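Written out below as structure tokens is the structure these notes cover.
Every read-out reported here was derived from the displayed coordinates using simple, explicitly stated rules and does not represent laboratory data. What you see is a predicted model; the values in this text were computed from it and never measured. Cβ placement follows ideal geometry from the backbone for every residue including glycine, while neighbour counts extend to all protein chains displayed.
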Amino acid sequence: MDECFHENNYHVSRCIYQVHERQAQEIQSLRERLSRACRCTDKWAVQKIKGLLPILDWLPKYPVKQWLPGDVISGVTTGLVCCLQGVAYALLASVAPVYGLYSAFFPILTYFVLGTSRHISVGPFPVTCLMVGSVVLTLAPDEHFLRPVNITGVNETVTDERLMEVDVEAREAQRILVACTMTLLVGLFQVAMGLMQVGFLDRYLSDPLVGGFTTAAAFHVFISQIKTIVSVPIHNHNGFFSFAYTLIDVSRNINQTNIADLIAGLLTIFIVMAVKEINTKFQHKIPVPIPIEVIVTVIASAISHVMDLNSQYGVSIVHSLPRGFAPPQIPNIALIGNILGSSFSTAVVGYAVAVSVAKVYAAKTLQKHDYTVDGNQELIAFGVSNIFGGCFSSFVASTALSRTAVQESTGGKSQIAGIISALMVMIVILALGPFLQPLQKSVLAGIVLANLKGMFMQISEVPVLWRQNRTDCLIWIATCLASIVLGLDVGLLAGLVFEMGTVVVRTQFPSCATLGNVPNTNIYKNMKNYKNIDEIPGIKIFKCNSPIYFANIDYFKEKLREEVGFDAVRVFKKRNKALKKIHKLIKKGKLQATENGLVPVASLGVENQAFEKEQVPELEEGASQPDSEVKVQVDWTSELPVSVSVPTVHFHSLVVDFSAVSFLDVVAAKSLKLVVKEFIRIGASVYIAGCDGELVRRLEALSFFDEEVTRDILFLSVHDAILFIQLETSTGNDEDPLAEKVRLTF
């Protein structure tokens with residue numbers, strides 16, 4: 001360690017650096033701040049308008065010849081995928097398939113104007129659709145729409161009260177009303193967060209948390225689509241352990257499985273996944289990915305229509321997919337109280353997923369996509385899109401990674417591709433919708449499940465996370481299990497609480513260490529981790545690698561006591577106790593106090609090496625003991641003439657390295673100041689090294705410094721403090737710095 005391994009060695013020589021005089025900061029009044037913030041110039045106004053409407057910035061600069069051909073191809077391809085995924089994801093939202101087409105169309109229009117990402121495909125996302133579906137099934141279950149069955153006879157129609165059926169029309173109307181109301185509320189939450197500039201919230205959704213949550217969501221999607229694949233009647237379940245109840249219902253009614261639906265669903269899953277693997281493996285050789293969802297849907301619709309599978313085998317089909325758009329409707333305000341919490345969690349999830357995907361593609365410098373995604377503007381864009389879509393019978397919009405990958409890989413360069421994909425969806429809504437009416441729902445469920453492969457493959461990250469960081473791995477597992485067992489909304493909250501808890505625990509129990517010096521350098525390292533590290537005689541260096549605040553200050557003091565080997569308060573009390581006993585011995589004449597120390601009387605019969613011996617002059621007979629103060633020098637490192645066990649202090653200076661401490665609070669500052677004074681009382685000087693300017697200002701604001709604890713204890717680095725201590729020791733008194741002078745009156 002004492003050798004330098006670089007060819008070009010260099011040395012830095014400078015004076016010992018304590019605290020440099022800081023530049024005076026300009027303090028502005030509240031009126032000046034408001035005046036500066038409200039100041040408006042033409043340039044500022046243009047920037048704000050372009051920030052609120054990003055289309056005004058990028059559209060005039062759009063390179064038509066270079067980008068338009070790729071955007072057209074990408075838009076057509078992505079539009080076909082949007083149509084099929086919209087219809088399929090409507091099953092997850094528990095609404096009619098036509099509303100999935102609306103959700104794939106309306107949000108794109110507003111995001112085209114307000115969004116900052118060039119590549120994401122806006123529309124339904126399985127996780128948010130499932131979260132909407134859970135609320136829809138809770139507020140509009142089948143049991144609320146039961147009616148007596150009408151039996152038509154030869155001459156009359158008779159109502160049988162004993163037989164009940166579901167009023168499908170009333171149920172679908174109520175369910176889309178619930179979904180639209182929730183979508184509108186989600187949009188309001190997102191716009192409010194965007195205006196409040198809280199786009200940073202996605203930073204609290206770490207990759208392990210999002211990975212665990214989306215994997216759990218994929219599991220819930222899988223469970224919810226089993227009933228559609230096997231086509232068996234089950235009850236709707238939501239909340240805690242809903243997946244278990246669903247599996248129990250499916251197993252009970254498994255004998256009612258429709259074989260035609262089961263075969264169609266399994267074939268769809270196998271074919272879609274196989275072709276997607278081919279697209280991935282040969283993506284550099286295939287100019288455009290094979291739109292397998294579209295091909296499977298067309299073929300399945302044709303087979304179902306020609307063979308009349310609905311009548312012949314009783315398969316479940318889409319049935320109604322009317323042409324045209326539904327008229328706008330006003331959401332039901334009375335439902336807001338029941339969906340407030342779920343809407344907020346859905347708003348956060350939808351935004352976090354969309355922004356995460358957008359940032360991934362924005363950072364792809366290899367494809368020269370380097371641009372900036374504004375998180376706050378994305379909140380406003382998605383919020384307005386959901387408000388707009390909620391008024392036109394759409395459910396919550398976000399983005400899907402599979403659709404975005406198609407849009408980017410087929411040559412999409414801007415949101416022109418998005419608006420073209422919306423035109424493709426509009427064509428299907430206005431003209432081609434009825435051709436999908438014979439399509440089996442099990443085929444749509446198969447398309448949904450095939451697109452879950454990427455989410456399920458996140459499970460492979462768990463072993464890697466365990467090797468890299470076990471805390472992150474535990475966050476992944478805890479979020480996934482909580483979301484599976486408790487439901488997606490409560491599970492996400494539980495995952496966030498667990499994640500925040502790990503942050504608190506890591507700061508509440510920070511790593512602390514004693515540092516030693518690498519010989520002949522100004523480098524100081526943990527003595528437990530490195531060999532050939534020297535501890536400087538008489539100096540203890542302690543480092544804390546965390547902010548210090550009310551939750552970890554006690555742990556900080558505990559680790560400091562462990563590293564120094566004693567409790568300063570206990571040392572002080574033991575020394576006082578020993579001094580009192582020494583005082584009593586002096587009064588009894590068993591010890592003699594002199595200018596140079598304590599000398600035991602011969603009758604004591606103790607050879608004490610702790611005190612300096614000298615010839616005590618005899619007092620004249622009849623002379624009384626002078627009433628004066630005598631300085632008694634006590635060496636606490638040697639054996640004492642009294643039966644008091646005083647902990648040994650092996651150093652005269654303590655250096656606390658604060659280079660990793662970013663802040664202190666009021667409680668920490670008070671406790672730290674008390675610790676400094678406790679060490680000073682036992683003769684050990686304390687120095688603080690590595691504080692940045694902000695931390696020094698905080699210490700001043702917290703009244704940390706006074707006459708006893710001065711700013712002179714601050715040093716730029718540990719090495720500066722060590723040099724200062726060594727200089728003071730070498731030029732100071734010859735007395736032992738561990739010796740203590742005590743005034744005794746007798």
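Leu591's amide H: which non-local residues (gap 5+, or another chain) put their own amide H closer than 5 Å, with H modeled 1.01 Å from N in plane and none for Pro or chain starts?
Distant-sequence amide H within range of Leu591: Ile586, Val601.
Loop only per DSSP, at most 15 neighbouring Cβ atoms within 10 Å: give me the chymotrypsin sites (Phe, Trp or Tyr not before Pro) in region 472-554, ordered by residue number.
When the chymotrypsin sites (Phe, Trp or Tyr not before Pro) of region 472-554 are filtered for loop state and at most 15 Cβ neighbours within 10 Å, Tyr530, Phe550 remain.
Counting pairs of alpha carbon atoms under 8 Å apart in space and at least six apart in sequence, what relative contact order in percent does region 301-405 give?
Rounded, it is 28 percent for region 301-405.
Ranking Tyr351, Tyr313, Tyr361, Tyr89 by Cβ neighbours within 10 Å, fewest first, what do you get?
The most exposed by this proxy come first: Tyr313, Tyr361, Tyr351, Tyr89.
In the structure displayed, which of Lys543/Lys673; Lys528/Lys574; Lys559/Lys580; Lys557/Lys580 lie more than 24 Å apart, Cα to Cα?
From Lys543/Lys673; Lys528/Lys574; Lys559/Lys580; Lys557/Lys580, over 24 Å: Lys528/Lys574; Lys559/Lys580; Lys557/Lys580.
Among Asp142, Asp308, what is the fewest-to-most ranking by other Cβ atoms within 10 Å?
Ranked by crowding around the Cβ, least crowded first: Asp308, Asp142.
When ranked by the protection proxy of mean other Cβ atoms within 10 Å per residue, highest first, what sequence do the peptides 195-207, 435-447, 64-76 form?
435-447, 64-76, 195-207
Please list, in order along region 509-515, the HN-Hα scalar couplings obtained from phi with the Karplus expression 6.51 cos²θ - 1.76 cosθ + 1.60 (θ = phi - 60°), rounded to whole Hz, x for Gly and Pro.
10, x, 7, 10, 7, 9, 9
Cut-off under 30 Å on the C-alpha distance; same-chain residues fewer than 8 positions from Lys227 excluded. Which lysines are left, in chain and number order?
Lys276, Lys441, Lys453
Using the count of nearby Cβ atoms within 10 Å as a rough guide to exposure, how do His719, His220, His319 rank from fewest to most?
His319, His719, His220
Please state the relative contact order of region 204-295 as a whole percent: Cα pairs under 8 Å, 6+ residues apart?
22
Given a Förster distance of 35 Å, report the FRET efficiency between Asp142 and Lys453 from their Cβ-Cβ distance, rounded to the nearest 0.05.
0.65
Tell me, in nm to one decimal, what length is gained between Glu700 and Asn545 on full extension, where the rule is 0.36 nm per residue of separation less the Cα-Cα distance?
That works out to 53.6 nm of additional length.
Excluding same-chain residues fewer than 8 positions from Lys65, which lysines have a Cα within less than 21 Å of its Cα?
Partners found: Lys368, Lys413.
Would you grab the residues whose amide H sits under 5 Å from the one on Tyr687? Only those 5+ places off in sequence or on another chain, please, with H modelled 1.01 Å from N.
Residues meeting the amide H criterion: Leu654, Val655, Val656.
For region 278-389, what class follows from the C-alpha gyration tensor (a ≥ b ≥ c being the square roots of its eigenvalues): rounded when a/c is under 1.5, otherwise prolate if a/b is larger than b/c, else oblate?
In terms of gyration-tensor shape, oblate.
Do you know the relative contact order of region 633-699, to the nearest whole percent, from alpha carbon pairs under 8 angstrom that are 6+ apart?
41
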